[in-house]
1. Viscosity 1.567 mPa s, temperature 4 °C: Stokes-Einstein D of chain A from its Kirkwood Cα radius, in µm² per second?
2. What are the residues whose amide H is under 5 Å from the amide H of A:V219, where those residues sit 5 or more places off or on another chain and H is modelled from the backbone?
3. Rounded to two decimals, what is the ratio between the C-alpha radius of gyration of region A:392-442 and 2.2 N^0.38 Å?
4. Would any residue of region B:328-346 have its amide N under 19 Å from a label point 7 Å out along Cα→Cβ of B:R143? List them or say none.
5. Using the structure shown, select from B:K190/B:K218; A:K451/A:K545; A:K238/A:K472; A:K133/A:K494; A:K213/A:K340 the pairs with a Cα to Cα distance greater than 25 angstrom.
6. Round to the nearest 10 and give me the degree value, 0 to 90, for the angle of helix B:84-99's Cα axis relative to the longest principal axis of chain B.
7. Run the reach check for A:K394 against lysines, Cα to Cα strictly under 17 Å, same-chain hits fewer than 8 apart removed. What comes back?
8. Within chain A, what is the longest stretch that has no GluC sites (Glu not before Pro) placed in a DSSP loop and near at most 11 other beta-carbon atoms within 10 Å?
Amino acid sequence: MSESGSPQRRIGVYICHCGGNISDYVDVDRVRAAISADPDVVVGKTTLFACSDGTQHEMIDDIHGEDLDGLVVASCSPKLHTTTFRGVSTRADLNPYAYTQVNIREQDSWAHTDDHEGATQKAIALVQAGIAKTRLSLPLEPLRVETVPATMVVGAGITGLRTAIGLADIGIAVTVLERESEVGGWVGRLGPMFPHNASGRAQIDELMAEIAKRPTITVLNNAELVGKTGSFGNYTAKVRLRTETTEELRQLQVGTFVIATGADVYSPEAGELGYGIDGVLTIKEFGDLVDAAKGSGSLTWQGRKVRSVAYVYCVGNRQPGGNEYCSKFCCAATVHASIKVSDLDPSIRQFHLHRDVRAYGRYELMYTESRERGSVYMRYPDDAPPSVEQMPDKRLAVTVTDALTSQDEITLPVDLVVLVTGMVPRDNEDLTTLLKLPTGDDGFYNEIHPKLRPVETVVDGVLIAGACQGPKPATEAVSGGLAAVTQSAGILKKGFAELDPLVATVTESLCTGCGDCLTTCPYDSIASYVCDTGQKATIDPASCKGCGGCVPVCPEDAIDLLGYTSAQMLAAIDGLSVKEPVA
Amino acid sequence: MATVVDIDLMADVQKFGAADVNACFSCGNCTALCPLADNDATFPRRIIRYAQVGLTDELLGSKELWTCYHCGLCSESCPTEADPGEFMAAARRYAIASYEPTGLARVLYTKPVIGTIIAVVVALFFAGFMLSQAQLGGIDAPRLALFDFVSNDLIHWMGIVVMALMFLAGAWGVVRMVRAIGKRDGVTLKDTFGSGAAWTRTVRALWDSVGVESLGQKRFRDDCHDEQVVEPLWRRRWLVHALTIWGFLMLFAATLIDYGLELLGIKETGTPIPIWYPSRALGTVGGLALMYGVTVFMLGRWKRWSTSQATSQSSDWLLLTLLWLTGFTGFVIEVALYVTTPPVWGYWFFLVHVAIAMELLLMLPFTKFAHVMYRPVALFFYSLSQQKHATAA
């Protein structure tokens, strides 16, 4: 037993130079000397790069050789290397939760480049705090939860349907919910689409035919998700099925959810760029007109042959103060529409009034083809959108300034004006509230990280894919769906999942059942139960995220966060306040 | 008031050529590279844009159409292979057809078969008309007496009438062009003739356009082939072009001298003269220069020696053919004049020669030949613009 009364521990401490990032400002040798006085520190070393292979091996040798039961690395932010050194611990047969990372780079050397003495003192205090926390660490084991090999896909648009097929093929049972009476979503209402000219309707039919071949997929129309209980990997989903006369509630066990509810299309306000005037259409309305005219050799509007068309891009998108985002699909869709028009009647003159054409990747080829077929692209200034008026002869006059011609306004006499409208988030408040899905400023669902974790949300086991997480072309939406398939498989295919054990626990004997914690938990992980001694709180470790929000709320200090117990944190604070021993 | 665009302009211009120009996305590479483009004449990009957007007045008021000598550098380096050089050529054809009032140029340019038929019919008309007035009895004379065959007076008056018609149509076109460019460049009558300084500028611009550029071919010589492979001297474009111009002008001068000598009573037209006689010698040298120039141009177009000669329209061939036939028949007549026994074919070649020469002049405002009147006008405005900027600086 040491002086403080805690059990004798054998802790190894490594202080990193970070190649000078730390040691240029912090006297690492003084730090080592200061903490070596601690009787529980068996190994105290400085190292040029703690994360290097050589040092990792040295740590493993020290853990084995000196029989260490705690590890402290004073280096960079835990965000960078917690996993690295937990791995070192595991490889050395040390419980990974007996490892503490102390940040003396971002929080010390980089912040105090002008005060070497102060930085050194701070480093000593931080490392002492880390040692104090480690001294009280308990060995923890990951939580193991059984998972249900089934996924619920919400939304039967192109993303949802393709996701369902992917899941079925990987051996996961799927239930697809569609709120509408028909599957297919927006894509199901489209004719030939970019980039391969495949009809949207045909693509949906093809997917439905594939689904019919897979008995593990159930598609439910007129169905909405209305309840979710249970925990990670094992949820009970409550589904409401409607017919015209009846309403039925069904319960399904699922391991994960894939939310693929899609987006809506921006609907211009009356008078916005002439919307409402005869001959001013949205890109969807225009697409339907063109598809209906296919093969007839000419395009007509109100019985009159169309000889010229003006497309106005970015309607309702990229508007300061409005929808500021870019909808990504609309440039390519319009370029593609202009090629369809040219196929129909190459003599139709087409003017594209844009802010910049975002026909990225292979869509550039369509853009080139469209230009070569005579489409004229004109860039209008951001602050001076075109204006649309009806002329006495019922044709439309679009007045615009083209940056590439001159500063003078020009008027295009056209038969049709096409407003290129983008996407807006779908109104899905009930579902958003039910699943606690985070939405961004733009109203679309947010993933954890757009590149590193593109389909995961902060709600475990709830994945998002397709246009519900942001406007995108169908191909990209489907890619997102397939990513969600892989992610679901990663969670469900083992049959169980391992969760971080850094969760809150209730000491039953101290709990008075006041219920304060129940309302605090943002993840609904705390429930109450009655036992011999009265009402008690209990925390579901599978759904607890370890945020610690309930800990300070408890008036009886009955809740502790594993890995960050009250005792550990108090000891760490004490460690911070210990001055450097006088040499 | 915003300009209302002509949605059909590009389709219309493309009837005159420029098949690839739609690929242009206005990057401006062509303008950056063009050795002749500067702040007083920015092209080809801007001019292509006018056509794409449909700004007819701007296009027809662009002196830049004619400050381009079609070296082909832009077409060789165009990233979208839109062939800007060929577009400029097509736009010039379109401009010629738009300036003249009859619509004949449009037919000649856009309907090659009908155009060729018209060319043949006009020549036949002149030949037929002369033949109807000819003295066929004179053919067997011991000396080649051409003007006994078709009278000097007839040719003289026919020439006057043809030239009057040509000037009428030409002036109409030039006036329209001047007004279009004047409007676009903001040049008024007062700026041109309103003061002493204005007169100085105008005379200077006239000298620049007619003297330095048209007769001296200065910019053609200096600028047009930098960064390009230099052609061997014998087929270098500016030289071949200069020989053609000077050859034509020498022939024209020889005709005037001959007529002048008759007016002065020194020598009657048709009097046998030795080859070293001033007007005959001048005509012979001019004819050789013209024949050389035109022949090399034809070979160049046939063999596609350079980018600028890669695309040839029937209108290009029409002008070259008429010039070549005029020159060639002229030399045949010259040979016939100096052979001891007068050949009968001499008379027939004479008939063809006069008919084609008349056609050449009559059709000048409607064919590619029209560039001899439009280009100096454009260069005149270009010089005015340069002088204005020089003063401002």
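1. It comes out at roughly 46 µm²/s.
2. Counting only residues 5 or more places away or on other chains, the set is A:V176.
3. Dividing the Cα Rg of region A:392-442 by 2.2 N^0.38 Å gives 2.11.
4. Answer for region B:328-346: B:333-346.
5. Among B:K190/B:K218; A:K451/A:K545; A:K238/A:K472; A:K133/A:K494; A:K213/A:K340, the Cα-Cα distance tops 25 Å for B:K190/B:K218; A:K238/A:K472; A:K133/A:K494; A:K213/A:K340.
6. 70
7. A:K305
8. For GluC sites (Glu not before Pro) (loop position, at most 11 other Cβ atoms within 10 Å), the longest site-free span of chain A is A:325-583.
The numbers here are math on the coordinates, done by the rules we state, and not lab data. Note that this is a predicted model, so its numbers are computed, not measured. Positions of Cβ are generated from backbone atoms using ideal geometry, with glycine treated the same way; all protein chains shown enter the neighbour counts.
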